[in-house]
Each structure stands twice: as structure tokens, then as C-alpha cells.
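Heads up, the thing below is written out as C-alpha cells.
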Amino acid sequence: MEPLRSSDPAHIADHRLLGRLGAGGMGVVYLARTPGGALVALKVLLAEYAEEPGFKERFRREVEVAQRVDSPWAVPLVDADADAEAPWLATAFVPGPSLGEAVAGYGPLPEHGVRLLGARLAEALGEVHRAGLVHRDLKPGNVLIAHDGPRLIDFGIARAPEDTALTATGMVVGTPGYLSPEQATGPGGDAIGPASDVFSLGCVLAFAATGRAPFGSGAVDALLYRAAHDPADLDGIPAALREVVEACLEKDPARRPDAAELVRRLTAEGEPQAGPQSEPQDESADDPRDESDGDPQDRPPGDPRIALQGASQGEQRSEPQTERQSEPQDGQRSEPQDERASGWLPEPVTRLIAERSAAALALPDIEHTQVTASSPARSGAGSETPPDTASDVQDTPPDQASDGQAAGQPDPQDARPPGRRRFLLLAGTAAAVAAGAGGTAWWAATRDDDAKSATPAAARRPVHTLALHGDLSGPQQATGRAQERGLRLAVAEFNARGDAPFTVKVRAVDDKGDPATSTRLAAELAADPSVLAVVGPTTDATAQAALGKYAARGLPAVAVSPGSMSLVIQGFSSFLLGRLPDSVLALYMSNYLRGTGRSRKVGLVVDRPAGNYGTDLATSLSTQLNNAQLPAVPEVVSAMRDDFGNVVDAVLSAGADSVFFAGLPDRGALIAAALRQRSFQGARVSGPALLDARFLTAAQQDAEGWAMVAPVIDATRKPEAAKFAAAYRERFKEAPPRYAAESYDVTGMLLKALSGLPAKSRTRENLHEAVLTGKYQGITKQFGFDLTTPQLARSGLMAIDGTGGFLWRVEKGGFVYDGPAPLTV
């Protein structure tokens, strides 16, 4: 949670604002207290959007839907005013994580937990459907976790089945990977009914049981296709539970069970589900209610809406503190009263919820809006205490990165900061809606000199730590070490400044390219409160393994070499992708093939061993070629085949005059050999994976003439990078390799954003917000992140502005940089 800014109001209606849970292009979500003292998440639509009918209509619909859904497993609406100058709504504040955060950070739920999750979400969906509505966007990020069960949130795109307003344009509404086949194929209208939500619930249950999305990851088009045509990946789900999930994931909506049937099948022997455990209530909760709210006594025991009803009607408290003194103290809510909810969550998630709940109870009444600069430091802030000596800020020595196996290191899940500090760090993820605007005060650019400061002033500066998480000794060690050196150079230049506001320490860890090691190291870095940000990891697989740990502790992670779009759309809340994803590079590849390559028909060879990388590239390029009306000849190569001759013959006999290879370096050499044997003279193109010395080594002369599109520059041939290249040569006695400049840039971006924050506001979450909403001109490109695209805003995806793709070719046995890749033909 961020402190309130000087521009924020102290109150909205009768609600006292306590802090910011999230901010975005359309509005702000605040943590607030009702007049009755209950905590709520208060969402405000910015006034300029309130004038636009589309935005205001969606907001009004969200209010109306929330009013019509009456379930203990849906977050209740407390109060709203859709007709205000700046429309707002307040829902009960749930201090737990989202399902996505919980599973990513702590692993899948036990079978009992998945059944309870599914039954209670099915109950909530049943109420949505009985109200004549369809949720349309059920996904892990829209499910909050409490001790006694889930809470369904976000009714912003819920509609009646017959309402086609959102789908008449052909736009896909919802989140790819959790959409039903009827949503993915986009017919709209009455084709999208309650059965669509059941399919999405099946996807959510598969994710909760395995930690994997059932239709994988990758490009949006690929996810939509798999949902409509491919079987789901349900490996590892217990047999009895798998039968229920399979029923939900039937392609034919008519064959899926309805919500009531799901409750019966997921609950042992059809036993009805009890309501949520008791929550602290206002003494005023016994006051009479408006008839539309129903009788609180008719609701399930402990229904959290009972405690909120009085607050929503505007009662005033004469003694604010007295009420909270009557509430349970730390830990008293941690055991569900419903025995079936006992043990449904992994123990670390239970502890996390208990900490957040206790911290929420401890929040004081705030009499005056607090200015950011005077807000207390929160968990994740580096030490503001000046070090005693300069030796306190020594870096992890280069080439001596830790693998995290120091003796006596505590379990990172147990290394938790105090409850209130942890709440302030993590409570923002409990808000369902992200929004984000606002800039950052950027600090002056760093100098290029490499000297270490030995001045007394430097010794008195506070110390903050940046970490490098990379493959420093495994298959991608060249890329990992380049990124480590780029980071160290940026830090050395920053520390050499006489006016630097703090000193930066470097901590480097080596995951050796192993996902399991990556998970462990990420947990250790996330548990270290001195680490404010991470550059890395190096590969898609190690990033996938690590980002959940970083998100769980709010630690910003900026990656420059992983390229899978799935890392973005999975919703890791602290992740920033500092490059264009592979699927976006397909635009440049299409332009090159149609322009420089003069192609009239493209042979599209997809190599199965390349996994999602190959599928993402091929799917995206196929879409681009189809949009340009350029025919393609697709061929898929099995991992069991080492001879590409038949594949090459097939695409050439079909008339292909160019070839695109969606695969990895070792097998890239095989297709290169097959093409050269046939004296093929057309364009031969691939993606960033082939920009690897292993391709040159294996292909030798067969590699000549190949072209690659990649998100990386050659710093020795880009004028803007000349000073960096000279400094790198002086420090490391060699020319900067690929990805050194990119790491140098994102490190500079992090340091500039951190320098622009007041000393007591240099926290992980404030740093992430400053980078996400700011812009930074680096030596490789301008960095800025998407704040506006539906479904992708604030996801950590770089803004697509026509830059960030670069062209390379093989000439005389080496890679030659040819500058920006073509944006047009």
C-alpha cells in the first residue's frame, strides 16, 4: 500500500481514506474506513473518464451486478455512487492474496483445498447465474483467498447472456487461458451463458491443483486456439477430482454441469457448504436494515456482509478505538469455524493471511492525510541507517555469485517482516482492480566514469541492494554473465557520483539454468529486506520458476532476456519485462520477409523441441503473414527426427521461396545444412534463440546468410552506446557482449527511479510503481510500460511503440548487427 499523495482527498463521501492500494489509467483504488469503522477497498473512476459513456456505463454495470449478487463467497458491495462527479464503489476489504499469488508463491492446493475452492466458487457463480448474469472473467487473479474460503471479485464485464454490447465488435472479452471455447471463438450473443463460467472455473481448478494453466502459456492466439480445440493439460490431478474438472472443460457447453451440480460433485456426499467463519462485527450490526439487504439472521453464520451493513448505511462511531478493541487480536481469526475449511490452504498461505489480517486490525485512525515524504518506511526498504564503514557496502565479488547454499540459511518462507510492515508491503495485491497513473521525479543522468567513491560523504550514505539473478555457470552463462557485468558497471558509475543520494550494493546469485534452483534463490532474495529490486532471471524457464516468489514479497524483477508472453499474462504483480516479447517480434520478421526477403510464400518450420518458444513465434508470425495476405507453408518437426531433409523438400515443393525456422540453435544447424545442400538461395530467418554462438559452431558455413530478429543491440556499433562500450572495455578488458547494454540500461532505470523517491519512500512497491508509470531513455531504447491496453495494462509489458526489435545476420562466420528491424515493408 502506498501513502496518500498530497493531491488525494482525505474523504470520499463519508469514507476516510487511509492509503492507495492501486492506481491506473482509469482510476484509483484506496484503502478506506467506512463511517462504521470497517475497512473497504474504495474504487474511484477518474473524473475525465466519467464523462465518457463507455467507461461510466461499465462502472455503473459493475455496481449493479455487485448489488444483485448475494453470496458469502463473493466480495460484497458496501456502498457506491455511480452518479457522482467521480463515480466510486466500496467493497469489503479482503486482506488475503489472490489465488494466483498464493499458488505461484507457495505451490498448488491439496485436493481437499481444491474441492472446497471449487464448491464455494460454484456457489458464488450460482448466485451470479440466478441473477441472470454471466461473470465472463473468472481467473486466479479474480479470486481472493481467506481462511475459510475464496471470495469472487470483479464484475466489471459481467453481462446478461443475451447482451451483446461487449462482443458485437468481435473483441474477445476476458482473460486468454481461462476463456471458454465460445468466448475464444468470439460469436458473442447468447452463445456465452452460465456454462462459459463453468469452463473458466474448470481452468481455475486445474491451476489450483497443478500450478499450471490447463492450456499452457504463450501467444494470445495460441491460447485461444487451444481452448477451442485442444485437450487440457490435467496431469497430476487426482482421478476423482480430475473427472469433475474434465466435465467442466467439455468443449460443448451443453455437456458441462451447472453450478449446483458442481457443488454436489465437489462436496463430499453432497453435504451443503457452510458459510464463512465469523468475522469481527460492529456493535451496530444488530441495527435494523433496509429491506433490500435482507435479514442478517437469514445469512450463513459469520457472513462478512453482516459486519459491513451498518457501515454502509452511514452510522457514526463516537469512539473509533473502542470498536477495534473489541475485535479479535492477532491469530484469533486464523482457525476457520467450519471444520471443512481447516487445512484447505498450504501453511505458508495461512500464515500470510493471518499476518495481513492482524496488520489490518492494527491500522490506526488517521486524522490527517499523510504526505508521501513523511510516510513510514515499509518492508522491503533498504537500511536508511548510515553504514559504519565503507566496508559495509562491498559488492558480492564478480565471478563469485552465490548459489544460495550458505550454511544455516533460514527457510525464506519463515523470514517474514513484522505484521504491519508486511501488510503495507503486500496488501495492495488484495485489491481486485489495478489502475496506474502518475509520474516520477527522475534524477539527473549518471556519469560514465568508473571510479569508486572514497569520500566521507559516500560512507555516510544509506545503502540499498540490487540483485542479479542469472545463469552464471550453466547453458546460458554467456548471457547471464553479460547481464551481471552490465549491472555492475551501472552500479559502479552510480556509486562514483559525489551527489548520489545513497550507495548501492550488488548481490549476485547463480541458478545454473536450473528452475528448481531458481525458485529457491528467488525465495532467498525476496526474503532479504535489503534487496529492493532484481535484474533477471536469464531464461523463460528460470523466470517462470522465480517470479511467483518475487511477486509474493513485492520484489520488483526486471528481465531483459526471457521472451515468453506467458510471463506477462500470468499476472506476476512485481514483474517488468524489459524487452519486447517473442510474439511481438513476429511483426518485424514478417516485414523483413515481405520486404528485404522479397518473399511470396513462406515455409514456416516449427520444431517441437523448442516448446512454447517455437509455438509462440510460429503462431504470431502466421497471424502477421495472414493479415498481410502472404501465404505460408507450415511444417512441424517431431523431436524424434534429426533429418530435416524431408521437411525442407516439402516446403520447397509447395513453392516456398523463403524459410522461417521456429526453433533452437542446435537443431537450427540441421535445417541450415539441409537448405544449403539444396542450394537454397531464398531468405532464411529465425528468432532470438539462433543469435547464439552454438548455432555458429554447429552450423559452420551453413549458417552464412541467415537473418535473426532479436531484442538486443551490438553496443560497439550503436552510436548512443559508445560511452558505455568504452567504459565496459576499460573495466572488463573486452568488448561488451549481447545483453550487457540491456542490463546496464534497466539498472540505470531502477537507480534513477529510486533516486526520485523521498528517502523514507524507497520501498519495493514504490520503486515498482515509479518504474511502471515512468519513462526512461536508455542507450538501447526508450523504456516505458503499457498502461492502457485492455487485459495487459500494468502487466509489466513494454509499451509497443515501434522500437525494440533489431536485425542481425551471419556473415563470414560471425553475427553482424544491422540496426533496428524494419517496422514497415
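Each row is one residue, and each column tells you yes or no for (1) modelled with pLDDT of 95 or more; (2) under 30 Å from A533 (Cβ atoms); (3) in contact with a helix residue (DSSP H, G or I) (Cβ under 6 Å, 6 or more places away or on another chain); (4) not in a strand (DSSP E or B).
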| residue | (1), (2), (3), (4) |
| --- | --- |
| L555 | yes, yes, yes, yes |
| G571 | no, yes, yes, yes |
| N591 | yes, no, no, yes |
| T623 | no, no, yes, yes |
| D643 | no, no, no, yes |
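Residue-wise test of (1) free of Cβ contacts under 8 Å to residues at least 24 places away in the same chain; (2) more than 20 Å from P501 (Cβ to Cβ).
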{"site": "E720", "(1), (2)": "no, yes"}
{"site": "F724", "(1), (2)": "no, yes"}
{"site": "A727", "(1), (2)": "no, yes"}
{"site": "E734", "(1), (2)": "yes, yes"}
{"site": "G748", "(1), (2)": "no, no"}
{"site": "L751", "(1), (2)": "no, no"}
{"site": "G756", "(1), (2)": "no, no"}
{"site": "S761", "(1), (2)": "no, no"}
{"site": "N766", "(1), (2)": "no, no"}
Here the qualifying pairs (Cβ atoms under 6 Å; residues six or more apart or on different chains; first in region 598-610 and assigned to a helix (DSSP H, G or I); second at pLDDT 95 or above and surrounded by fewer than 22 Cβ atoms within 10 Å (Cβ to Cβ)) come out as A610/L664
I'm checking my understanding of the structure. Among residues of region 204-225 that are crowded, with 24+ Cβ neighbours inside 10 Å and over 18 Å from the mean Cα position of the chain (by Cα), which one is farthest from A546 (Cα to Cα)? A222
Is it the case that region 798-805 has a residue that's surrounded by 17 or more Cβ atoms within 10 Å (Cβ to Cβ), more than 19 Å from the chain's Cα centre (by Cα) and of a type in the set (D, E, K, R)? no
Anything in region 757-771 that is among the hydrophobic types (A, V, I, L, M, F, W, C) and buried (at least 22 other Cβ atoms within 10 Å of the Cβ)? List them, or say none. L767, A770, V771
Go through (1) closer than 23 Å to F502 by Cα; (2) buried (at least 19 other Cβ atoms within 10 Å of the Cβ); (3) among the basic types (K, R); (4) not assigned by TED's automatic domain parsing to the domain that holds L567 for K775 and report which single condition fails. (2)
Which one is surrounded by the most Cβ atoms within 10 Å (Cβ to Cβ), of the residues in region 525-566 that are without any contact (Cβ under 8 Å) to a residue 60 or more places away in the chain and in contact with a strand residue (DSSP E or B) (Cβ under 7 Å, 6 or more places away or on another chain)? A559
Only one of (1) at pLDDT below 95; (2) within 30 Å of A683 (Cα to Cα) is not met by T788, so which one is it? (2)
Can you name the strands (runs of 3 or more DSSP E) wholly within region 14-60 that have at least 1 residues being touching a helix residue (DSSP H, G or I) at 6+ places or on another chain (Cβ under 8 Å), surrounded by 18 or more Cβ atoms within 10 Å (Cβ to Cβ) and modelled with pLDDT of 90 or more? 27-33, 39-45
Residue list for region 234-266, restricted to those being charged (D, E, K, R), surrounded by 15 or more Cβ atoms within 10 Å (Cβ to Cβ), more than 17 Å from G126 (Cα to Cα) and free of Cβ contacts under 8 Å to residues at least 60 places away in the same chain: R242, E246, E250
Test of understanding: among V648, V605, which residue is touching a Lys or Arg at 6+ places or on another chain (Cβ under 8 Å), assigned by TED's automatic domain parsing to the domain that holds A672 and buried (at least 21 other Cβ atoms within 10 Å of the Cβ)? V648
Taking region 721-744, which residues are closer than 17 Å to G819 by Cβ and either modelled with pLDDT under 95 or within 30 Å of the chain's Cα centre (by Cα) (or both)? R738, A741, E742
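Residues are listed down the side, and each one gets a yes or a no for (1) of a type outside the set (A, V, I, L, M, F, W, C); (2) modelled with pLDDT of 90 or more; (3) crowded, with 24+ Cβ neighbours inside 10 Å:
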position: A66; (1), (2), (3): no, no, no
position: W73; (1), (2), (3): no, yes, yes
position: D79; (1), (2), (3): yes, no, no
position: A82; (1), (2), (3): no, no, no
position: P97; (1), (2), (3): yes, no, yes
position: P108; (1), (2), (3): yes, yes, no
position: H112; (1), (2), (3): yes, yes, no
position: A119; (1), (2), (3): no, yes, yes
position: A122; (1), (2), (3): no, yes, yes
Any chance region 513-522 includes a residue that's in a loop (DSSP other than H, G, I, E, B), more than 22 Å from A759 (Cβ to Cβ) and either outside the structural domain of H464 (by TED's automatic domain parsing) or basic (K, R) (or both)? no
What tally of residues in region 135-144 results from selecting those that are touching a helix residue (DSSP H, G or I) at 6+ places or on another chain (Cβ under 8 Å), over 15 Å from S71 (Cα atoms) and not charged (D, E, K, R)? 3
Within region 801-825, which residues are closer than 20 Å to Q624 by Cα and not in a loop (DSSP other than H, G, I, E, B)? F806, L807, P820
Assess whether Y739 counts as being farther than 17 Å from L580 by Cα, buried (at least 24 other Cβ atoms within 10 Å of the Cβ) and either touching a residue at least 60 places away in the same chain (Cβ under 8 Å) or of a type in the set (S, T, Y) (or both). no
If you scan region 93-151, which residues turn out to be over 16 Å from Y178 (Cβ atoms), acidic (D, E) and in contact with a Pro (Cβ under 9 Å, 6 or more places away or on another chain)? E111, E123, D148
Single unsatisfied condition, K812 versus (1) surrounded by fewer than 22 Cβ atoms within 10 Å (Cβ to Cβ); (2) on the phi < 0 side of the Ramachandran plot: (2)
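The values are calculated or read from the model by the stated rules, or taken from the named source; none is laboratory data. Predicted model only: the values in this text are computed from it and were never measured. Every residue, glycine among them, receives a Cβ derived from its backbone with ideal geometry; neighbour counts consider all protein chains shown.
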